[in-house]
Amino acid sequence: MSWGAGIAGVSSRSMARNRGNKKGATGRRRDVSAPSFWEQLYNRGKTGWDLGQPTPVLKKWLSGHRGKGEKVCILGAGNGYDAVAFAKAGYDVVAVDFAPTPLRYLSDLAHKSKLPIEVVAQDMFYLPKKWNGRFDLIFEYTTYCAIDPRRRNEYVALIKRLLNQQGRLVALFFPMDQDPTVGPPYGVSYDEIAQRFGRHFIIASEEWPELSVASRRLRELFVVMDRR
Ligand SMILES: C[S@@+](CC[C@H](N)C(=O)[O-])C[C@H]1O[C@@H](n2cnc3c(N)ncnc32)[C@H](O)[C@@H]1O
């Protein structure tokens, strides 16, 4: 399994062949922590994760949760469709990514639409301490599965420190049916989410959304969590 079209042009079969050595089809170790890894995918159009619009799952959630200027952060925002959806729904959005191409795209989009979106070019793992507690909400979609799985605890700690005491994580975890050691996208499991996030968050709701795009149906879990 992969991101629909297949990330980095790697087919499911070659992914299976490479299982265990955690290398890509070329045999080179993939450095998913480097902006250059993601930048070359954007440049080559190998963006199988990119829906070209916000997922209907988020659109539905936003229709019932209009914002009143609450601060939202989107880590690994990519081309920023989710950032735009939050801004249109009344939230004040900060979108973080470290690959130049989507950052340019999102900056243009934000500028043209005159929406309240601050676009930040930065490795999210190095966001400054002065950002601690800055956000009411963080939205996660296909970033957790994109980072090096050995950094997942670091990512959870990052989310926790960026949120204020009443802060909320709204997450659509994908892919729930895949090996967590081979990727990206690296697989996610329910037990792992419960264990890794459970120490820092209380799960407020969870569902297998009916509105997932067809290729992701029953492969993604929508979870809302409150900071402990
Ligand atoms: C699979 S894409 C998902 C993009 C977006 N969330 C979406 O759903 O379309 C992962 C994104 O995370 C970004 N990313 C990965 N590691 C990052 C890091 N350490 N700091 C900032 N951005 C990062 C990549 O550049 C890429 O745009």
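Readers should treat all values here as calculations from the given coordinates under stated rules, not as data from a laboratory. Fair warning: this is a prediction, and the values are worked out from it, not measured in the lab. All Cβ positions, even for glycine, are placed from backbone atoms using ideal geometry, and neighbour counts span all protein chains on display.
So which residue, out of Leu162, Leu172, Leu62, gets the largest mean-square fluctuation from a GNM of the chain using Cα contacts under 10 Å as springs? Evaluated over the chain, the most mobile residue of the options is Leu62. Other residues with beta-carbon under 14 Å from the beta-carbon of Lys46 carry, at +1 per Lys or Arg and -1 per Asp or Glu, a net charge of 0. Shown in residue order for region 85-95 are the 3J(HN,Hα) couplings computed by the Karplus curve 6.51 cos²θ - 1.76 cosθ + 1.60 at θ = phi - 60°: 4, 5, 4, 5, 8, x, 9, 9, 10, 10, 10 Hz (x for Gly and Pro).
Distances between placed amide hydrogens fall under 5 Å for Gly133 paired with Leu162, Leu163, all partners being 5 or more residues away or on another chain. Give the shape of region 49-227 as rounded, prolate or oblate, defined through the alpha-carbon gyration tensor: a ≥ b ≥ c are the square roots of its eigenvalues, a/c under 1.5 means rounded, and otherwise the shape is prolate if a/b is larger than b/c and oblate if not. In terms of gyration-tensor shape, rounded. Take the cross-link list Lys130/Lys160; Lys60/Lys112; Lys46/Lys71; Lys88/Lys160 and give me the ones stretching past 20 Å between alpha-carbons. Correct reply: Lys60/Lys112; Lys46/Lys71; Lys88/Lys160. If R0 equals 25 Å, the separation of the Cβ atoms of Thr181 and Lys129 corresponds to a calculated FRET efficiency of about 0.20.
When the Gaussian network model of the chain links Cα atoms closer than 10 Å, the mean-square fluctuations of Asp148, Asp108, Asp123 top out at Asp108. Springs join every pair of Cα atoms under 10 Å in this Gaussian network model of the chain, and among Ala171, Ala157, Ala87 the largest mean-square fluctuation is at Ala157.
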